[in-house]
Every structure is written in C-alpha cells, then in structure tokens.
Amino acid sequence: MQYWPIFLILISGFIGWITNWIAIKMLFHPRKPIRVLGLTLQGIFPKNQSQFAQKLGKLVSGEFLSFADIEKKISEPSNIQKMMPLIEAHIDTFLKERLSEQLPMISMFVGEKTITRLKTTFLQEIENLLPPVMKTYAGQLRTELDLESIITEKVAHFSSDRLEELLYQIMAKEFRFVEWVGAIIGLLIGLVQVWISSWAH
C-alpha cells in the first residue's frame, strides 16, 4: 500500500492551514519593522496605525458622532423633563432651607404659598430656558471640541497588544474559520495533485 498520496494530501492541508495562520498573525506582527533579506517586514495594523487613526477620526466625527444629533438630543423636551425633578428638588431646598440661612429677614415674610408660587415660576422659566441653553452649549462644544483630533490621537497611541487582544475577543471564530478554510483548500489541492499524478501514470 502506498502512503505517499495520504502524506501529500495531509501536507497540502497543513500548508494551507499554516499559510492562513501566518497571514492572520501578520496582521499584528511584527510590531516593529524588521529587515529580512533586504525586505522590511511589519504587521499590517502597526504599520498603518497612524493612517487608520486619521481615517477613523474623520469617519467618526463626520458621520457617526454628529454635533447636530447631540444638539437635538439634549434639547428634546423628553430629555429636559428628565432633568426637571432634580432641578425641582434643588429649588425646593433653596427656598425652604438656604433662603432662610442666607436671607433670614426675607424668609420671615415668605410663607408656604409664596414658596410654592416661586417654585412654580422658577420651574417654568427654567423649563423654557433649558432648550436654548442646551443648543448654545452644543454649539460651543462644536467649536471647542475637535473630535477628529481627539479620536485620531487616541487611536494612534492605542496599544497594538490591546488591539490584537480586542480583535481576537471579537473575531476568534472568524479567525479560526479562515484557518480551517486554508486547511480545507490545501486538502483539496492535495487531492487534485494525487488525482493528476495517478491519472498521468
């Protein structure tokens, strides 16, 4: 019995698997450029991290994180209403406690009904004031906060080890699938080679 056809098929499968395994590793390694036979080798992500950071910064700041969306969201009536209980509690504390501490003479002439009317008036004014204040604040953030530069700098200085760890956590199954695809293709190539060899003889 000839074992060389089985050996050839297994070797082809192993070569297919190891080739894809090396290709995946070369996404991250080597971290630093190294010279081999006159060629400079470096992992795809480490080599292109700065360009990747710039493009990601433009993409996120331009499409994913819009200041117009932020401005709209924080000034929505429903979001304003969520803040009102906290504001109301603060005004209540101010009128009933801090006012008497800061201005004891005035508090002597301010009864419960007056406090209630004052609180209602303050809350109405604040509720009307908050949306334009929020829009103005969002507009100031747009000019003062350079999201593109912040994201670009963060990604450019992101650890390659950490990036590899994160991608393996997210795409471990996909990486293994690529490795097995290489092995299967290698086995098929080995089978074809054996078939051609046996047919030729």
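We did not get these values from a lab; they are worked out from the coordinates using the rules stated. Just so we're clear, the structure is a prediction, and the values are computed from it rather than from any experiment. Virtual Cβ from ideal backbone geometry, glycine too; neighbours counted across all protein chains shown.
Short-range pairs are left out: with C-alpha atoms under 8 Å and at least six residues apart, the relative contact order of segment 4-200 is 46 percent. Springs between Cα atoms under 10 Å define the GNM used for the chain, and in it the highest mean-square fluctuation of Ser149, Ser78, Ser12 occurs at Ser78.
Between Leu130, Ile170, Ile15, the Cα set farthest toward the positive side of the dipole of the chain (charges on each charged residue's Cβ, about the Cα centre) is that of Ile15.
So the label point goes 7 Å from the Cα of Arg31 along Cα→C-beta, right? Which residues of segment 148-162 then have their backbone N under 19 Å from it? The answer is 154-162, whose backbone nitrogens lie closer than 19 Å to the label point. Ignoring aspartates and glutamates fewer than eight residues from Lys47 along the same chain, the ones with Cα atoms less than 18 angstrom from its Cα are Glu153, Asp161, Glu164, Glu165. When +1 charges are put on Lys and Arg Cβ atoms and -1 charges on Asp and Glu Cβ atoms, the dipole computed for the chain relative to its Cα centre reaches about 580 debye. Taking label points 7 Å from Cα along the Cα-to-Cβ direction, Ile44 and Leu145 give a separation of 3.3 nm.
Convex hull volume of the Cα atoms of the chain, normalised per residue: 241 Å³. Counting charges near Ile115 (Lys, Arg +1; Asp, Glu -1) among other residues having Cβ under 10 Å from its Cβ returns a value of +2. The loop-placed chymotrypsin sites (Phe, Trp or Tyr not before Pro) in segment 144-189, going by DSSP, that have at most 15 neighbouring Cβ atoms within 10 Å of their Cβ come out as Phe158. In this rough spin-label picture, where each label sits 7 Å from Cα along the Cβ direction, the Trp21-Thr120 distance is 7.7 nm. Taking 0.36 nm per residue of separation and subtracting the current Cα-Cα distance, fully stretching the chain between Leu167 and Ala89 would add 23.5 nm. Over the chain, DSSP H runs of length four or greater, each weighted -39,500 (n - 2.57), average out per residue to a 222 nm ellipticity of -25000 deg cm²/dmol. Compare Gln49, Gln102, Gln169 in a GNM of the chain, Cα atoms joined below 10 Å, and give the one with the largest fluctuation. Looking only at Gln49, Gln102, Gln169, the biggest GNM fluctuation is shown by Gln102. Under the membrane-span-like helix rule (DSSP H runs whose alpha carbons stretch at least 18 Å along the helix axis, mean Kyte-Doolittle hydropathy -0.5 or higher), the chain yields 4-25, 77-93, 112-144, 160-200.
This model, with +1 at the C-beta of Lys and Arg and -1 at the C-beta of Asp and Glu, gives segment 125-189 a dipole about its Cα centre of some 240 debye.
Under 30 Å of direct C-alpha separation, and excluding same-chain neighbours fewer than eight residues apart, Lys119 reaches these lysines: Lys72, Lys73, Lys82, Lys96, Lys135.
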